[in-house]
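First the structure, then my questions, so here it is.
Just so it is clear, none of the values below were taken in a lab; they were calculated from the coordinates. No experiment lies behind these values; they were computed from the predicted model shown. Every residue, glycine as well, gets a Cβ built from its backbone with ideal geometry; the counts of neighbours run over all protein chains shown.
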Amino acid sequence: MAERIDLEVPATLNALSTVRMVLGGLGARLDFSLDDLEDIYLATGELLRTALDADSLDRLSVEVVLDDDVLRFSAGTFTSAKLRADVIRHAEDCLDLCMLLRRTVDDVRLEDKDGAFRVVLVKRRRGGPA
Amino acid sequence: MSGADERRVKDPLDLQAHPGQARAFTAEDEEEASSRGGPTADAQGRGRDDSEKLDQYLLRRYHLHGDRAAREQLITMYLPLVRSLARRYASRGEQFDDLVQVGAIGLIKAIDRFDLSRGVELTTYATPNIVGEIKRYFRDKGWSVRVPRGLQELNIRLNKVIDELVPKLQRSPTINELAEAANATPEQVLEALETSQAYNSVSLQASPNGEGGEEDAGLIDYLGGEEEAYDTMEDRTTLAPGFAKLDKRERYILHLRFFEGLTQSQIAERVGISQMHVSRLIRRSLERLREEIGELDAPPVMRPSGDDPH
């Protein structure tokens, strides 16, 4: 059965540490390997840093869902067209945000609602104990 | 222009005849300057051209005649620019007033180092100086994070435990496995790993574990044997201006992670350093890239250039 955790944190870099600790704890419960956890840290860290630069937010909403061997991370709510483009647009042979996300998580999605959007990152467990 | 020539230049605003007349910037001026795109909105109700002339005049007064009052007037005139730039970084957890003070240091450096012969506007020269000083402040703050000794020790222990477990398990260990091997709880392991963020700015000359003895060789020595591998690295990894600012091993590690798809544990084995060091180097490299090419509002994007790293 899926388990969902909602967080609302100040939209500052200091809050990223809180988000990381929550993700680490949940990832540990799924028996994610250290490599997988590092991927999640990198993906969420780069996404949120870019989002804080691109969007004017007071609060950041983070949702994490654990389901079997999958961790689903969602953050928002954003309105920046630049952030949207950065997440989905990749320039060939460039290490941009889009590529970094694709290389660190299994799925990247945008969820639109009322003219704003959330960014969803999905990471599956692999490489851990059988 | 020689000093004698300079003395013959007509004072464009006739300030020489009326020293000290330029009034200080007020809050209203800042608002107006901000709405008009920066400090070129002048403090005396003149247009942009006059403001630039005033800049040049004051810069000449200071650099050629040592006029400290001209320097102070320039600082006052450009504080709205500092505030405007500091505001962009105010959401990162530092006090706005602190950022303004730090940015003002960058402004003063820009004024002091301004080269009259280069024909650029002070705004153009001062902006990267101010932003650079603010970014340096954030980077230096990273050094000052105090980590409790117990967590530091667990962090060091984990470093060794990971190195032992990866070859034994033939895969990256889980948090629970690390906790068991390090005789700690999973929560303590996560907390200790989080402290490694505090070493984000670790110097390549610094010991990777903070201890002396034979392990005090520094990261640079751990990475020294990879020169041949760097030379075989595909050019596409290093085509970007941001990458050009990284050293070879940082480029190599980013190449292995993001272009070759190796995990951090695999990179650690390939390069001969610990997984935790790989993690720090990747984070540090991304941070440097972000600083280098992020400019003011850009994302951490590395665009191609024709640079050849070899």
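Can you tell which of A:GLY45, A:GLY27, A:GLY115 shows the greatest fluctuation in a Gaussian network model of chain A with Cα springs below 10 Å?
A:GLY115
Would you please classify the overall shape of the range A:46-130 from the alpha carbon gyration tensor, given that a ≥ b ≥ c denote the square roots of the eigenvalues, rounded means a/c under 1.5, and beyond that prolate means a/b larger than b/c while oblate covers the rest?
oblate
Of A:VAL70, B:VAL271, B:VAL189, how do they rank once you tally other Cβ atoms within 10 Å and put the fewest first? Display every interim value, and only then the final one.
Details: A:VAL70 15, B:VAL271 21, B:VAL189 27.
By the 10 Å Cβ count, ascending, the order reads A:VAL70, B:VAL271, B:VAL189.
Given R₀ = 51 Å, FRET efficiency for A:ASP67-B:HIS65 by Cβ-Cβ distance, to 0.05?
So the FRET efficiency works out to roughly 0.10.
Shifting gears a bit: Using 7 Å Cα-to-Cβ label points, what is the A:VAL122/B:ARG88 separation (nm, one decimal)?
Each label point is offset 7 Å from its Cα along the Cβ direction, giving 3.7 nm.
For peptide B:168-181, compute the average count of partner chain beta-carbon atoms within 10 Å of each residue's beta-carbon.
Per residue, the number of nearby Cβ atoms from other chains is 5 on average.
Please give the FRET efficiency for A:ASP112 paired with A:ALA91, using the beta carbon to beta carbon distance and R0 = 25 Å, rounded to the nearest 0.05.
Values: r = 23 Å, r/R0 = 0.94.
Between A:ASP112 and A:ALA91 the formula returns 0.60.
Using the basic label-point model (7 angstrom from Cα toward the beta carbon), what is the A:MET21 to A:LEU7 distance in nanometres?
0.9 nm
For a protection proxy built on the mean count of beta-carbon atoms within 10 angstrom, sort B:170-180, A:99-109 highest first, please.
B:170-180, A:99-109
Using the structure shown, list the pairs from B:LYS168/B:LYS248; B:LYS160/B:LYS245; B:LYS135/B:LYS248; A:LYS82/B:LYS109 with a Cα-Cα distance above 25 Å, or answer none.
On the way: B:LYS168/B:LYS248 30 Å; B:LYS160/B:LYS245 31 Å; B:LYS135/B:LYS248 23 Å; A:LYS82/B:LYS109 33 Å.
Over 25 Å Cα-Cα: B:LYS168/B:LYS248; B:LYS160/B:LYS245; A:LYS82/B:LYS109.
Compute log10 of I(q)/I(0) for the range A:54-97 with the Debye formula, placing one identical point scatterer on every Cα and leaving out solvent, at q = 0.18, 0.26 Å⁻¹, to two decimals.
Here the Debye-derived log intensity ratios amount to -0.73, -0.94.
I would also like to ask the following. If I model a spin label as a point 7 Å beyond the Cα along the Cα-Cβ vector, how far apart are those points for B:ILE105 and A:ARG29 in nm?
Result: 4.4 nm between the two label points.
Right, next: Give the average, rounded to an integer, of partner chain Cβ atoms located within 10 angstrom of each Cβ in B:278-291.
That average works out to 2.
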